[in-house]
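Below: one structure, written as structure tokens.
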Amino acid sequence: VFQAVFNLLIPDHAADAFSPPRLGAAGPWDTLLERLLGGLARWDSEHFLFIAEHGYLLEHNCAFLPLFPLSLRLLAALLPLPLQPRSRLLLSAVLLNALLSALAAAALLGLGRAVLQNRRQAFLAALLFSVSPAGVFMAAAYSESAFACLAFGAMWQLEKGQGCLSGLLFSLAAGARANGLVNAGFFLYARAKRFAHQLQGGSAPLRTLPSLWKQVLSLASSAALVCAGIFLPFAVFQYYAYVRFCSPGTGLARSIPEPLLQLAREKGYRVAGRGGAEPPWCSQRFPVVYSYIQDAYWNVGFLRYFELRQIPNFLLALPVTLLGSWAAWTYISTNPRHCLTLGLERNKSKEKGKARDGFCGPAAFVYVVHSTALLVFGFCCMHVQVLTRFLGSSSPILYWFPAHLLQEHEPLLWSTGTDNSKSGKPLVGKSPSSCGKGTSDNPVVRLLLNWRLLTPLSKSILGFFLGYWLLGLILHCNFFPWT
């Protein structure tokens, strides 16, 4: 509703973005759908919708992995509506992402309960995900919702010991976004941690050298197998792109509509199936089209974005950069020994029933490392403004740490009654019947309804989440640059 209103009231910016021509005459239903949902088909959404409709015709489309476009194509085929193909795909994207973002919130809730061992903090984090600063990308025709759903679900299943299901979900996530390859680290760490704990437990079978080598080989083979499964979708897609763009002309271009060929000629896009000079990446020892596109089309590389004219984009990324850095520092300063031992030392306090829970608990270590690694890589090697949606769809830390801060420093969340300890007045949005029922009370709504009573830290956190959520809808949906 918000994006439809903003898209109606604010003229679209004339952005230099990929904008393929519409094929076929638009009917009245297509026009209506474009007015209602057109704001969710901006920027990279055009690539996903184009791929879902026409396939990988243009070389730079190969920067977008196939799981999400394939899902759109399948869902659109099930919608028997009098709409043009692109309109059906746009409607499919909105419906699919509405479902996937809700499932991602549910997966984050389950993961939070398993890792944090604090139900209130896990619930608060899932609510914050629902108003994520990357919220517009969870609703638009982007792959962020699909990736978050699969990645959080895979992490949750791994925490529950469901290795096979977790591996399958991680593999699918790697078919949605390239940074899903990094998630193989969760499997490797889980195997290494279990092996280290077995050694420290002093089990008799591991005391003999042959048994130890047998365990090491078993660990290495299982880890290699799982990593191969996670890398498989990405590798298969690179091979598909190689066959499509590096093989001699196959006559595929003859079936491409003339308006699309004209667009390619005007913009200098390389078209699949046409003869001519072989793309440079085809002659590489390991031809990877993804990294070539990032380099040649978007100038993505180490420190390439560090220019004076990019200062506004660094300012856009400043809140999430500070939040991620603060999260890492808080965890390291709270658990220095645990971090120095890489979390592989058996937790003796847990055996005594005194283990810390919540964000600073030992189980969150690997997630903090994952978040920090993505933050450093994104800050140094990517277009820095995308950090907000990059972390918002990949790392639970972006939601666990603010939930931790709110619980630790906001007095309104400490009270279990209806009175405000500061003024003695009843709190808005908190009824006596909801006391003690946990998730029956929505803490985010309660904080917003009592905005004047919040601490400056709470206002900053909620202001960042809701401010970016709203600004994203206003700017992104009208083709203005955003995160």
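Please name all residue pairs, on different chains or six or more residues apart, with Cβ atoms under 7 Å, provided the first residue is in the stretch 441-464 and is in contact (Cβ under 8 Å) with a residue 12 or more places away in the chain and the second residue is of a type in the set (D, E, K, R) and surrounded by fewer than 17 Cβ atoms within 10 Å (Cβ to Cβ).
Note: pairs meeting the criteria are L453/K422.
Against the definition (open to solvent by less than 30 Å² (accessible area, probe 1.4 Å) and at pLDDT below 95), how does L33 come out, yes or no? Lay out the reasoning, then the answer.
Details: open to solvent by less than 30 Å² (accessible area, probe 1.4 Å): yes; at pLDDT below 95: yes.
Taking the combined requirement at face value, the residue satisfies it.
What number of residues within the stretch 111-121 satisfy the criterion of being without any contact (Cβ under 8 Å) to a residue 60 or more places away in the chain and either crowded, with 20+ Cβ neighbours inside 10 Å or touching a Pro at 6+ places or on another chain (Cβ under 9 Å) (or both)?
Residues in the stretch 111-121 being without any contact (Cβ under 8 Å) to a residue 60 or more places away in the chain and either crowded, with 20+ Cβ neighbours inside 10 Å or touching a Pro at 6+ places or on another chain (Cβ under 9 Å) (or both): 0 in total.
Which one of the conditions (1) farther than 28 Å from V271 by Cα; (2) open to solvent by 60 Å² or more (accessible area, probe 1.4 Å) does V94 fail to meet, given that it meets all the rest?
Single failed check for V94: (2).
If I filter the stretch 228-241 for residues that are β-branched (V, I, T), part of a helix (DSSP H, G or I), modelled with pLDDT under 90 and surrounded by 12 or more Cβ atoms within 10 Å (Cβ to Cβ), do I get at least one hit?
First, pick out the residues of the stretch 228-241 that are β-branched (V, I, T): 230, 236.
Those left that are additionally part of a helix (DSSP H, G or I): 230, 236.
Pick out the ones that are also modelled with pLDDT under 90 and you get none.
No.
S132 passes all but one of (1) in contact with a Lys or Arg (Cβ under 6 Å, 6 or more places away or on another chain); (2) buried (at least 22 other Cβ atoms within 10 Å of the Cβ); which number fails?
Here S132 meets the rest and fails (1).
Does G467 fit the bill of being out of contact with any helix residue (DSSP H, G or I) (no Cβ under 8 Å at 6 or more places or on another chain), at pLDDT 95 or above and closer than 30 Å to F18 by Cα? Break it down into steps so the answer makes sense when it comes.
Working: out of contact with any helix residue (DSSP H, G or I) (no Cβ under 8 Å at 6 or more places or on another chain): yes; at pLDDT 95 or above: yes; closer than 30 Å to F18 by Cα: yes.
So G467 fits the description; yes.
When you go through (1) open to solvent by less than 20 Å² (accessible area, probe 1.4 Å); (2) of a type in the set (A, V, I, L, M, F, W, C); (3) more than 21 Å from the chain's Cα centre (by Cα) one by one for L49, which number turns out not to apply?
So L49 meets the others, but not (3).
Taking the stretch 268-292 only, how many residues are out of contact with any strand residue (DSSP E or B) (no Cβ under 9 Å at 6 or more places or on another chain) and either part of a helix (DSSP H, G or I) or basic (K, R) (or both)? Full working, then the answer.
At the first step, the residues of the stretch 268-292 found to be out of contact with any strand residue (DSSP E or B) (no Cβ under 9 Å at 6 or more places or on another chain) are 268, 273-292.
Next, only the ones that are either part of a helix (DSSP H, G or I) or basic (K, R) (or both) stay: 274, 280-283, 285, 289-292.
Looking only at that region, the number is 10.
Within the set of pairs 6+ apart or on separate chains, which have a first residue in the stretch 217-235 that is at negative phi, a second that is open to solvent by 40 Å² or more (accessible area, probe 1.4 Å), and C-beta atoms under 7 Å apart?
Partner pairs satisfying both residue conditions: L219/R191; S222/R191; A223/L188; A223/R191.
Quick one: would you say L108 is at pLDDT 90 or above, outside any loop (DSSP other than H, G, I, E, B) and buried (at least 22 other Cβ atoms within 10 Å of the Cβ)? Explain how you work it out, then say what you get.
Working: at pLDDT 90 or above: yes; outside any loop (DSSP other than H, G, I, E, B): yes; buried (at least 22 other Cβ atoms within 10 Å of the Cβ): yes.
Against the criterion (at pLDDT 90 or above, outside any loop (DSSP other than H, G, I, E, B) and buried (at least 22 other Cβ atoms within 10 Å of the Cβ)), L108 qualifies.
The values are calculated or read from the model by the stated rules, or taken from the named source; none is laboratory data. The shown structure was predicted, so the numbers you read here are calculated from the model rather than taken from an experiment. In this analysis, Cβ positions are derived from the backbone assuming ideal geometry, glycine residues included, and neighbour counts consider all displayed protein chains. Surface accessibility is based on the protein's heavy atoms, side chains included, excluding ligands, DNA and RNA. Shrake-Rupley method; radii C 1.70, N 1.55, O 1.52, S 1.80 Å.
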